[in-house]
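Chemist: Okay, handing you the structure first.
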Amino acid sequence: MTHDVPIRVDHVGIAVESVADAEPVLLALGCEKMNDETVEDRFRWVYYRLGDASRVELIEPIEDDSFLTGFLAENGPGLHHVTLEVADLDTVADSLEAEGIRVVDRAEFDTWTEAFVSPGNPTGTLFQLMEYHEDYPEGRDPPEELFVNGGRVEEVAAHE
């Protein structure tokens, strides 16, 4: 698999029953809370910054019957996914699929596009591929801190 599309680790997602119960662990590790959002009344995600660029996300179910409640019932709290920010989701997905690696559940939202690498891959890890749109920071504070190294991977790569 060869492509020249910039990719970097954006964050690690941890499934929890309760953000309120899990948050003290992250705060004790020195994390700083950055963002707290709810998606379509299905789940809540909260971003934390650790150090100068590392980020951790806690995800908590809101709906009684969702992908997250099923995950927690089967696995308990813990690592849910690793999100990779990509500059061109289509190119990366095509490269993976050309190698026989399944990319599933592609979805486009107002401010980002995502797809998932099935955890049936040899790593056993669910990877979320995330391509942020230019308007992702609008209404989210602080805008420059929403990205690793202060900008979308596409923008940072263009300045290197």
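Chemist: Based on this model, can you work out whether E155 counts as open to solvent by 20 Å² or more (accessible area, probe 1.4 Å) and in contact (Cβ under 8 Å) with a residue 40 or more places away in the chain? Walk me through it before giving the result.
Modeler: Numbers: open to solvent by 20 Å² or more (accessible area, probe 1.4 Å): yes; in contact (Cβ under 8 Å) with a residue 40 or more places away in the chain: no.
Taking the combined requirement at face value, the residue does not satisfy it.
Chemist: Give the number of residues within region 40-86 that are of a type in the set (V, I, T) and open to solvent by less than 20 Å² (accessible area, probe 1.4 Å). Steps first, please.
Modeler: To start, the set of residues in region 40-86 that are of a type in the set (V, I, T) comprises 46, 56, 59, 62, 69, 82-83, 86.
Subsequent filtering for residues that are open to solvent by less than 20 Å² (accessible area, probe 1.4 Å) retains 46, 59, 83, 86.
Selection size over region 40-86: 4.
Chemist: Now for a different question. Can you name every residue in region 111-126 that is on the phi < 0 side of the Ramachandran plot and part of a loop (DSSP other than H, G, I, E, B)? Show your work before the answer.
Modeler: Within region 111-126, the first condition is being on the phi < 0 side of the Ramachandran plot, and the residues that meet it are 111-123, 125-126.
Selection gives T111, S118, P119, G120, N121, P122, T123, T125, L126.
Chemist: Just name the residue that is farthest from G151 (Cα to Cα) out of those in region 85-110 that are part of a loop (DSSP other than H, G, I, E, B) and without any contact (Cβ under 8 Å) to a residue 12 or more places away in the chain. Let's see the steps before the verdict.
Modeler: As a first pass, look at region 85-110 and keep what is part of a loop (DSSP other than H, G, I, E, B): 87-88, 99-102, 109-110.
Cutting the leftovers down to without any contact (Cβ under 8 Å) to a residue 12 or more places away in the chain gives us 100, 109.
Working: G100: 31, F109: 19 Å.
Looking at residues that are part of a loop (DSSP other than H, G, I, E, B) and without any contact (Cβ under 8 Å) to a residue 12 or more places away in the chain, I get G100.
Chemist: Looking at (1) part of a strand (DSSP E or B); (2) among the charged types (D, E, K, R); (3) open to solvent by less than 50 Å² (accessible area, probe 1.4 Å); (4) farther than 16 Å from M130 by Cβ, can you tell me which one D10 breaks?
Modeler: D10 satisfies all of (1) part of a strand (DSSP E or B); (2) among the charged types (D, E, K, R); (3) open to solvent by less than 50 Å² (accessible area, probe 1.4 Å); (4) farther than 16 Å from M130 by Cβ except (4).
Chemist: Looking at region 127-149, which of its residues are within 15 Å of A87 (Cα to Cα), open to solvent by less than 70 Å² (accessible area, probe 1.4 Å), outside any loop (DSSP other than H, G, I, E, B) and not aromatic (F, W, Y)?
Modeler: Result: Q128, L129, M130, E131, V148.
Chemist: Right, something else. I'd like the full set of residues that are surrounded by fewer than 17 Cβ atoms within 10 Å (Cβ to Cβ) and part of a loop (DSSP other than H, G, I, E, B), limited to region 27-39.
Modeler: Result: L29, G30.
Chemist: Moving to a separate point now. Of the residues that sit in region 107-124 and are at pLDDT 95 or above and open to solvent by 20 Å² or more (accessible area, probe 1.4 Å), which one is nearest to A158 (Cα to Cα)?
Modeler: This residue is E114.
Chemist: Taking R140 and the conditions (1) modelled with pLDDT of 80 or more; (2) at negative phi, which numbered condition does it fall short on, given that it satisfies the others?
Modeler: (1)
Chemist: Which residues, counting only those in region 14-26, are in a strand (DSSP E or B) and either of a type in the set (V, I, T) or loosely packed, with under 14 Cβ neighbours inside 10 Å (or both)?
Modeler: Quick first cut of region 14-26, residues in a strand (DSSP E or B) only: 14-15.
Residue satisfying the conditions is I14 alone.
The values are calculated or read from the model by the stated rules, or taken from the named source; none is laboratory data. Quick caveat: nothing in here was measured; it's all calculated off a predicted structure. Glycine gets a Cβ as well: all are built from the backbone with ideal geometry, and neighbour counts include every protein chain shown. Heavy atoms of the whole protein, side chains included, go into the accessibility calculation; ligands, DNA and RNA do not. Shrake-Rupley method; radii C 1.70, N 1.55, O 1.52, S 1.80 Å.
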